[in-house]
Amino acid sequence: MIWMRFQFGPDIGMGHAVRSLALAKALTSSGQAVGLMLDSDAGELEGVGDLPVLQLDPGDNLPAEGHIIFDMSHAGARDNIPTWVKYVQKAGNGAVVVDGLGPDAYIEGVKADVVLTPYLMSEAARQRAAKTWLSGPQFSILSDEYAQEPSKLKSRPNVVMISIGGADPWALTETALEAALNTTSFPRFEVKVVAGPQLSTARRTHLTTQCKKSDVELLDAPDSLRDLLGMSAVAVLGPGLTKYEAAACNTPAVILAPDADTLAINMPFAEAGLASVMDASARNFSGQLGAAIASQATKRRSSWTGRALIDGKGAARAAEAIIEALGE
């Protein structure tokens, strides 16, 4: 048995949940029995399917049987990961950690069976203490639909998709929508807005009104984000993991970073030519955003491709390597 331990919610977002479910599916496709370990107050999670769910209260012990994959970013939980790794290994099971970056790396001081740093970032290449270390964007964990070849970028309609994700506590969705509608250098395009799954009721109501006034399509929990990305000329995104999905869809992106830390973390995407990365706290940000959208849209006239770095097959690669490392 392989357990997936992760968290999600308004303060954390949905990125770790989406990634963990994608890896769970890849593991089950390889014949492994997989279950989920969630906080007892986590709320409902879509996409669980038939996977068994173990709910944990604060202070509960981890199960004594089965390997555990930890993908957790909340500081309170993150600090406990070294202790949990030792506990799992002492019970004779394997511990896998999806690690963080830079000084916030979760796995200092212990040697996990597998450490995974599936990022396009220089810090992802910093050696981790692990029996097996999987590093780089070739291990970017996306759902299996992203392994399919997307449509040609040059044949797509003039669509700008805005998807900040999560609860969007920085109100970047509304700012991006206003900037996109006021972009005069990229005429005759359609704007589609994806409402984050953790968006508050008040924000959702306000955004609905704003979209109706501007004749903009607002999408709430769309069936497939890949289909939307695959038909868009440009994607305007928050600082989370959706940028990897955009790259796998060959969709140029504008990434909005709300602070200095997220700006630094996302800059490698700009350096690799996959996106424009913008400081959302900068003066005249709204005006600059319109220019960035127009600039990214010009990539349709070139042979640009994001799939050269992120091909959507990372979940299968990671699952295969994890199974081998755990001796399953």
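The values are calculated or read from the model by the stated rules, or taken from the named source; none is laboratory data. Small disclaimer: the values here were computed from a predicted structure and weren't measured. Methodologically, a virtual Cβ is constructed for each residue, glycine included, from the backbone with ideal geometry; neighbour enumeration extends over all protein chains shown.
Selection of strands (runs of 3 or more DSSP E) fully inside region 27-76 by the criterion of at least 2 residues being more than 20 Å from G314 (Cβ to Cβ), of a type in the set (A, V, I, L, M, F, W, C) and in the same structural domain as L116 (by TED's automatic domain parsing) returns 34-39, 53-56. When S295, S276 are checked against the criterion of being at pLDDT below 90, in the same structural domain as A253 (by TED's automatic domain parsing) and of a type in the set (S, T, N, Q), a single residue qualifies: S295. Answer with yes or no whether E271 is surrounded by fewer than 22 Cβ atoms within 10 Å (Cβ to Cβ), closer than 30 Å to T132 by Cα and either touching a Phe, Trp or Tyr at 6+ places or on another chain (Cβ under 9 Å) or at pLDDT 95 or above (or both). Against the criterion (surrounded by fewer than 22 Cβ atoms within 10 Å (Cβ to Cβ), closer than 30 Å to T132 by Cα and either touching a Phe, Trp or Tyr at 6+ places or on another chain (Cβ under 9 Å) or at pLDDT 95 or above (or both)), E271 does not qualify.
Take E217 and tell me if it is at pLDDT 90 or above and closer than 23 Å to I12 by Cβ.
On the way: at pLDDT 90 or above: yes; closer than 23 Å to I12 by Cβ: no.
For E217, the condition - at pLDDT 90 or above and closer than 23 Å to I12 by Cβ - is not met.
It is to be established whether one or more residues within region 167-174 are farther than 24 Å from L274 by Cα, out of contact with any helix residue (DSSP H, G or I) (no Cβ under 9 Å at 6 or more places or on another chain) and not in a strand (DSSP E or B). Yes; the residues of region 167-174 include at least one that is farther than 24 Å from L274 by Cα, out of contact with any helix residue (DSSP H, G or I) (no Cβ under 9 Å at 6 or more places or on another chain) and not in a strand (DSSP E or B). Of all the residues that make up region 31-49, how many are in contact with an Asp or Glu (Cβ under 7 Å, 6 or more places away or on another chain) and modelled with pLDDT of 95 or more? Result for region 31-49: 1.
Residues in region 279-293 that are without any contact (Cβ under 8 Å) to a residue 60 or more places away in the chain and either within 17 Å of the chain's Cα centre (by Cα) or surrounded by fewer than 18 Cβ atoms within 10 Å (Cβ to Cβ) (or both): D279, S281, A282, R283, N284, Q288.
Note on region 295-328: residues that are more than 26 Å from F139 (Cα to Cα), surrounded by fewer than 17 Cβ atoms within 10 Å (Cβ to Cβ) and not charged (D, E, K, R) amount to 3. Please identify the pairs in which a residue from region 307-328 that is touching a residue at least 12 places away in the same chain (Cβ under 8 Å) and closer than 23 Å to A130 by Cα has its Cβ atom under 7 Å from the Cβ atom of a residue that is surrounded by 20 or more Cβ atoms within 10 Å (Cβ to Cβ) and of a type in the set (V, I, T), counting only partners at least 6 apart or on another chain. Going by the 7 Å Cβ cut-off, the qualifying pairs are G314/I141; A315/I141; A318/I141; I322/V96; I322/V114; A325/V114.
Listed conditions (1) closer than 17 Å to I322 by Cα; (2) in contact with a strand residue (DSSP E or B) (Cβ under 8 Å, 6 or more places away or on another chain); (3) in contact (Cβ under 8 Å) with a residue 40 or more places away in the chain are all met by K25, apart from (2).
Does G92 satisfy the condition of being on the phi > 0 side of the Ramachandran plot, modelled with pLDDT of 90 or more and more than 21 Å from the chain's Cα centre (by Cα)? When the stated conditions are applied, G92 passes them. Restricting attention to region 294-311, the residues that are within 21 Å of A176 (Cα to Cα) and under 21 Å from the mean Cα position of the chain (by Cα) total 1. Considering only residues of region 218-228 that are hydrophobic (A, V, I, L, M, F, W, C) and part of a helix (DSSP H, G or I), which is farthest from F189 (Cα to Cα)? Taking the candidates together, the pick is L225. For first residues located in region 252-272 and touching a residue at least 40 places away in the same chain (Cβ under 8 Å) and assigned by TED's automatic domain parsing to the domain that holds I164, partners that are acidic (D, E) and not in a helix (DSSP H, G or I) and lie 6+ apart or on another chain with Cβ distances below 9 Å form the pairs L256/D279; P258/D279.
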